[in-house]
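These notes are about the structure you will find just below.
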Amino acid sequence: MAGKRERQRQLARERHLRQAARRAERARKTRIRALAAGGVCVLLAIGVGTYFLVGTSGGKSAAASSSPTASATSTGAATVAEPAHHCTYTKSGTAARKVSLPPSAPPFTASYQATITTNRGTIDINLLNSKATCTVNSFVHLAEQDYFNNTKCHRLTTESIYVLQCGDPTGTGTGGPGYEFGSENLKGATYPAGTVAMANTGQPNSNGSQFFLVYKNTPLPASYTPFGTITQGLPVIDAIAKAGSDNSNGSGDGHPKENVVIDTVTIKQT
């Protein structure tokens, strides 16, 4: 009898270890979504219903940062007025594609327009360099190194949250550029249709390369750096959304049913 009880305890320990391993694996891909509950935004972690957002700076979990820090520092110790004159990019994780760190001295007086050419159509974006200087500096740097070329937009949400998420060369939602940087432009941030904002790992100042395109007004907490506005091409994303997702993350949340591939991202400085 004692041997049987010991065997049961051993099996229980092994079951606990397997469950812990599964939780750890899920944590690597954690996504957080915002739900409207009685007019209040509630954040739900992975494991409940449909999940939201975001990416990683390189093999880390995906979630939402709530840091309001304006400068792209890794510590979040200070808020610097925009446009930022200095940016800090900290190596983190393994790069999905080999790229260098962006320059620490951004061209803060420049104006930029980005054109995302996809197999579904073209999307033009006005980059908000005066409001999210270090974020734009990173995005421009990655685009100029062809980091986004021939990559899939790996996530589409069509219920409560209305976004198409891109920027991960691995197409898994866990890839990033091998560095991270701070959040910007969060004070009073909202996410109407046409917003382009950063995904992050859920920790303060943990932006990488993943971003999302909002195609319908979306109630999110001010946790995701808005760094661009879509000027043309919103109907392209509407059509992708109309085709729906495969619901691989839950109802209305998964890979786009229509394969979406970014062919190129080109930058025009004006």
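The values are calculated or read from the model by the stated rules, or taken from the named source; none is laboratory data. Keep in mind it's a predicted model, so treat the numbers as computed, not measured. Heads up, the Cβs are rebuilt from the backbone with ideal geometry, glycines too, and the neighbour counts pull from every protein chain shown. Keep in mind that these areas ignore ligands, DNA and RNA; they rest on the heavy atoms of the full protein, side chains included. Shrake-Rupley method; radii C 1.70, N 1.55, O 1.52, S 1.80 Å.
At-a-glance table
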item	result
Per-region count, segment 219-270, residues in a strand (DSSP E or B), within 23 Å of SER138 (Cβ to Cβ) and open to solvent by less than 40 Å² (accessible area, probe 1.4 Å)	7
Filtered residues of segment 86-126 (kept if open to solvent by 50 Å² or more (accessible area, probe 1.4 Å) and closer than 27 Å to VAL261 by Cβ)	GLY93, THR94, ARG97, LYS98, SER100, LEU101, GLN113, ASN119, ARG120, THR122, ASN126
Filter result (in contact with a strand residue (DSSP E or B) (Cβ under 6 Å, 6 or more places away or on another chain) and not β-branched (Val, Ile, Thr)) within segment 104-128	ALA110, TYR112, GLN113, ALA114, ASN119, ASP124, ASN126, LEU127, LEU128
Number of positions in segment 130-169 that are closer than 16 Å to THR115 by Cα and of a type in the set (Val, Ile, Thr)	3
Condition check for THR109: within 24 Å of HIS86 (Cβ to Cβ) and in a loop (DSSP other than H, G, I, E, B)	yes
Any hit, segment 184-194, residues being part of a loop (DSSP other than H, G, I, E, B), within 22 Å of THR109 (Cα to Cα) and open to solvent by 30 Å² or more (accessible area, probe 1.4 Å)	yes
Selection count where residues are within 22 Å of TYR191 (Cβ to Cβ), assigned to a loop (DSSP other than H, G, I, E, B) and open to solvent by 40 Å² or more (accessible area, probe 1.4 Å), scope segment 127-165	3
ALA189, sole failed condition from (1) under 21 Å from ILE125 (Cα atoms); (2) small (Gly, Ala, Ser); (3) touching a residue at least 40 places away in the same chain (Cβ under 8 Å)	(3)
Subset tally (residues that are closer than 17 Å to PHE148 by Cα and in contact with a helix residue (DSSP H, G or I) (Cβ under 6 Å, 6 or more places away or on another chain)) for segment 210-235	2
